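Worksheet: the structure to be examined is printed underneath.
The values are calculated or read from the model by the stated rules, or taken from the named source; none is laboratory data. Bear in mind the structure is a predicted one, so any value in this text is a computation, not a measurement. Counting neighbours? That spans all protein chains shown, and the Cβs are built from the backbone with ideal geometry, glycine included. When the accessible area is computed, the model is the full protein with side chains, heavy atoms only, and any ligands, DNA or RNA have been set aside. Shrake-Rupley method; radii C 1.70, N 1.55, O 1.52, S 1.80 Å.
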Amino acid sequence: MNGMAVIAGFSSKFPFLPQKLKDSGVVKTHPFKGWRQHFSHSGLGPSLGWSGSLELRLATRKSEIRKAQRLRYKVFFEEGGAVADPAAALVRRDICRFDKVCDHLLVIDHATRSRFGKVRPRVVGAYRLLRQDVAQHNFGFYSAQEFDIGPLLARHPNSKFLELGRSCVLSEYRGKKTIEMLWRGIWSYVKHYRIDAMIGCASLEGADPSVLAPQLSFLYHHAKAAPEWLVSPLPKRFEAMDRLAPEAIDGKRALAALPPLVKGYMRVGAKFGEGAVIDRQFGVTDVFVVMPIAEIEGRYIEYFGGPDDLVRRAA
C-alpha cells in the first residue's frame, strides 16, 4: 500500500513486498529540509526486537531516515526501474515530503562492515507508517493522490486508520526473517496505537488494464471490499476492474499472476477497492487495499506471528 500505502521493485520470489514504488502518485522531490522533532511513542520502542544481528526499530534520528531513503533509492530506482528526478538522482536518495511526518520502521543489521572492515550498521529493510491523526494535521494520506478515501473515512468516523507505504528490503535480505520482522513490527505499532484498519495501494506490473483484465477481474469478483470499506479511484483516474465475467476467469491462473504483495495481503484477509489507477511514471496499475483489524487479526498472527515472537537481545 505507497501507502498501506504501499509500494517497490521486487522479484516475485519474495512475498508480501511491493513490485514498484508504490505509495505512488507523483510527489515532487525537493531538498530534504525540516523534520518532526517529536519521536516519542510513549512505551513503544524505539527498539522493538532482535533476531540475531538484526534489530527492528522505529527511527529516532535523521541519519536513520537518510539511510532508509538510500535503501529505497537502490530498490526503487536502481533495481525497479523507476525514473528519478534530478534532485533524487544527485543525492541518490528517495526523498518525499511525507517522510518528515511519517514514522519509519527499520530493520538494521548491526554486523555489516565497511570495505575497510569496520563495523557499520546498515538499514536493510524499511516501512513507512502514517497514522490518520498525523495525516490530517499535515498533507493527508499519500494514497489520496490516486484514490477518493474521504467517503471511507466518513463512514468510519470513530475508527483509526494507518497507511503503510514505501516498503523495501535489500536484495540479500529478502527472506522470511526480515519480512516477518517488519510485519511483526507493524502489528506492534497497530496494537500500540489501537489502529482499526490499515490501508494503502498495491501495484500490478503494466499500465494497460486490458492486459491485466484477468487479475483485475479476479480481485473484483473474489476479493472486493464490503460496501462499508469500499474505496474508488479519483473520478478522472478511474479504470474499471470488472473487465471479465466471473465464468470467463481462470481463477488459478489469475491468482498465480498476481504480484506477491497482493497475494500476501490476501492471505491475511485483505480486500480491494472497485477501481484501479494507472501510474504511467512507474508503468504499473494500482489497486486500493483495506485491512480492517477486527477481520484480519487471527489470520495475521497465525501467518506472521505476533510481536512477542521477536527474539529480544538479553540485557
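Summary of computed values
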{"quantity": "More than 26 Å apart - percent of Cα-Cα pairs taken over the range 110-221", "calculated": "40 percent"}
{"quantity": "Difference of contour (0.36 nm per residue) and Cα-Cα distance, residue 41 to residue 53", "calculated": "1.9 nm"}
{"quantity": "Using a Förster distance of 45 Å, the FRET efficiency for residue 159-residue 78 (Cβ separation, nearest 0.05)", "calculated": "0.75"}
{"quantity": "Distance (nanometres) between label positions extended 7 Å along Cα→Cβ at residue 224 and residue 90", "calculated": "4.8 nm"}
{"quantity": "Dimensions in Å of the range 163-315 - Rg and Dmax from alpha carbons", "calculated": "16.6, 59"}
{"quantity": "Ordering of 238-247, 103-112 by packing [mean C-beta count within 10 Å, highest first]", "calculated": "103-112, 238-247"}
{"quantity": "Carbon/sulfur fraction of accessible area - the range 200-252, other protein chains in place, 1.4 Å, %", "calculated": "57 percent"}
{"quantity": "Surface per residue (accessible, 1.4 Å probe) for the range 194-278, Å²", "calculated": "43 Å²"}
{"quantity": "Theoretical gain in end-to-end length, residue 247 to residue 70 [0.36 nm per residue, Cα-Cα removed]", "calculated": "59.1 nm"}
